[in-house]
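Below you'll find the structure, written out as structure tokens, and then a few comments.
The values are calculated or read from the model by the stated rules, or taken from the named source; none is laboratory data. Small disclaimer: the values here were computed from a predicted structure and weren't measured. Cβ coordinates were reconstructed from backbone atoms using ideal geometry, including for glycine residues, and neighbour counts include every protein chain displayed. Protein only, heavy atoms only, side chains kept; ligands, DNA and RNA dropped before computing areas. Shrake-Rupley method; radii C 1.70, N 1.55, O 1.52, S 1.80 Å.
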Amino acid sequence: MANVLDCKLVAQSIKDECKKEADALKAKGITPKLGIFRVGEKGPDLSYEKGATKTMAEAGIEVEVFALPADVSQEEYIEKFKAVNADPTIHGILAFRPLDNIDENVAISGNISPLKDVDSCTAANMGKLVVNDPTGLYPCTASAIMEVIDYYAEDIKKVARAKFEPLPLAKPGQEDDVCCGLDVCIINNSNVIGKPLSMMLTNRFATVSIVHHLTHPEIKNEYIKRADVVVAATPFKDSVTGDMIREGSVVIDAAVVREKAFDADGNPIMNEKTGRQKINTFGCCSADVEEVASWKTPVPGVGAITSALLAKNLIKACKVQNNVK
């Protein structure tokens, strides 16, 4: 049975560090602050807002919510967005999407400063990732996966280096980096996970392969079976099975698969508090993956770190904007 990569421990360590940095900024007269843009009162948005606000409070970061009516026009949205973007007391902006009747690329990506882009939706920040610019703000889910790898580095090294001798061409310090020479297969090619994660790993000299639904099954299975670490992030429940991965490998299930809940008779199970049908959340790995892998993230798991990474990005943005090292 696989050991658990406890994402809650990783998230807490990030929030604790953010709190220290936030307190240091406040001592200099700078209060880190996140602006949240929400249109209407969609259930998922309200839930995300509640969770993000809680995480920011734990990290010592202030939050201001800009709640706009559901029927807000694109012009009104952009006007408000530009005003918040220009406010020097707000160091990062989180805008909930998708937006109905509003072009997100125009309204958000086209108007947000890359320095305040804590959700990393601008091409500028993705470009900084490619050239390994440390001032960039990078996608939170991809960064969360890197945090898991770094937190459990010593355990992952034992899995990966068991196959090989020490790296002969590694420079001083590289041999100690868990990513150096690590064989990682990412089952995802999105702008949120696959692409940025592959670049983060490549910047630290990992060997990276990306497979997806259009990869030929035989080739896909070949890459997955070889990998030390498999990052599974498909949109389908039970799509990654135990026979697909190498014995003793590390599996990070970063998928979020949501299904409406029904009882044994097929009737919807309702949430008494909200009056809405309950939603069950799954990853994309089947139960037998835990019997083959040596380490695996729980589900939900990576999501808890993602929220903490939003706080980390906000602190970084605040420091850059105020020229604080």
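Pairs only if they're at least six apart or on different chains, beta carbon under 7 angstrom, first in region 162-177 and modelled with pLDDT of 75 or more, second among the charged types (D, E, K, R) and open to solvent by less than 100 Å² (accessible area, probe 1.4 Å); list them, first residue then second.
Within 7 Å, the pairs are Asp177/Arg204.
Need the failing condition index for Ala311 against (1) aliphatic (A, V, I, L, M); (2) open to solvent by 50 Å² or more (accessible area, probe 1.4 Å); (3) in contact (Cβ under 8 Å) with a residue 24 or more places away in the chain, just the number.
Here Ala311 clears every test but (2).
For region 93-140, give me each residue that is in contact with a strand residue (DSSP E or B) (Cβ under 7 Å, 6 or more places away or on another chain) and closer than 19 Å to Val39 by Cα.
Ile93, Leu94, Ala95, Phe96, Leu99, Ile108, Ile112, Val118, Asp119 - these are the residues of region 93-140 that are in contact with a strand residue (DSSP E or B) (Cβ under 7 Å, 6 or more places away or on another chain) and closer than 19 Å to Val39 by Cα.
Of the residues Ile93, Ile102, only one is open to solvent by less than 60 Å² (accessible area, probe 1.4 Å) and closer than 18 Å to Ile315 by Cβ; which?
One residue alone meets the criteria, Ile93.
What number of residues in region 54-101 are over 21 Å from the mean Cα position of the chain (by Cα), part of a loop (DSSP other than H, G, I, E, B) and of a type in the set (A, V, I, L, M)?
Number satisfying all stated conditions: 4.
When you check Leu115 against the structure, is it in a helix (DSSP H, G or I) and either under 20 Å from Asn85 (Cβ atoms) or of a type in the set (S, T, N, Q) (or both), yes or no?
Criteria met by Leu115.
Quickly run through region 199-213 and pick out the residues that are free of Cβ contacts under 8 Å to residues at least 40 places away in the same chain and open to solvent by 20 Å² or more (accessible area, probe 1.4 Å).
Within region 199-213, Thr202, Arg204, Phe205, Thr207, Val208, Ile210, His212, His213 meet the criteria.
Just one of the numbered conditions (1) of a type in the set (S, T, N, Q); (2) touching a Leu at 6+ places or on another chain (Cβ under 8 Å); (3) open to solvent by 10 Å² or more (accessible area, probe 1.4 Å); (4) assigned to a helix (DSSP H, G or I) is not true of Asn125; which one?
The failed condition is (3).
So, in region 13-37, of the ones that are open to solvent by 20 Å² or more (accessible area, probe 1.4 Å), in contact (Cβ under 8 Å) with a residue 40 or more places away in the chain and not small (Gly, Ala, Ser), which residue ends up nearest to Cys140 (Cα to Cα)?
Lys15
Being of a type in the set (A, V, I, L, M, F, W, C), under 18 Å from Asp228 (Cβ atoms) and over 13 Å from the mean Cα position of the chain (by Cα) is the filter here; which residues of region 183-199 pass it?
Residues satisfying the conditions are Val184, Cys185, Ile186, Ile187.
Which ones in region 257-285 are surrounded by 17 or more Cβ atoms within 10 Å (Cβ to Cβ) and assigned to a loop (DSSP other than H, G, I, E, B)?
Answer for region 257-285, where residues must be surrounded by 17 or more Cβ atoms within 10 Å (Cβ to Cβ) and assigned to a loop (DSSP other than H, G, I, E, B): Gly283, Cys284.
Only one of (1) open to solvent by 20 Å² or more (accessible area, probe 1.4 Å); (2) of a type in the set (A, V, I, L, M, F, W, C); (3) within 17 Å of the chain's Cα centre (by Cα) fails for Ala144. Which number is that?
Status for Ala144: all satisfied but (1).
Quickly run through region 233-255 and pick out the residues that are closer than 19 Å to Tyr152 by Cβ and assigned to a strand (DSSP E or B).
Val250, Val251, Ile252, Asp253, listed by residue number.
Does Val178 satisfy being within 25 Å of Gly301 (Cβ to Cβ), among the β-branched types (Val, Ile, Thr) and open to solvent by 10 Å² or more (accessible area, probe 1.4 Å)?
Criteria not met by Val178.
Tell me which of these Val106 doesn't satisfy, since it passes every other one: (1) farther than 30 Å from Ile252 by Cα; (2) of a type in the set (Val, Ile, Thr); (3) part of a strand (DSSP E or B).
Condition not satisfied by Val106: (3).
Out of Tyr138, Tyr152, which single residue is farther than 30 Å from Ala95 by Cα and within 23 Å of the chain's Cα centre (by Cα)?
When all the criteria are applied, what remains is Tyr152.
Collect the residues in region 286-299 that are in a loop (DSSP other than H, G, I, E, B) and open to solvent by less than 20 Å² (accessible area, probe 1.4 Å), keeping them in residue-number order.
The answer is Ser286, Ala293, Thr297.
All but one of (1) modelled with pLDDT of 95 or more; (2) among the β-branched types (Val, Ile, Thr); (3) out of contact with any His (no Cβ under 9 Å at 6 or more places or on another chain); (4) within 30 Å of Lys28 (Cβ to Cβ) hold for Thr306; which doesn't?
Thr306 satisfies every listed condition except (1).
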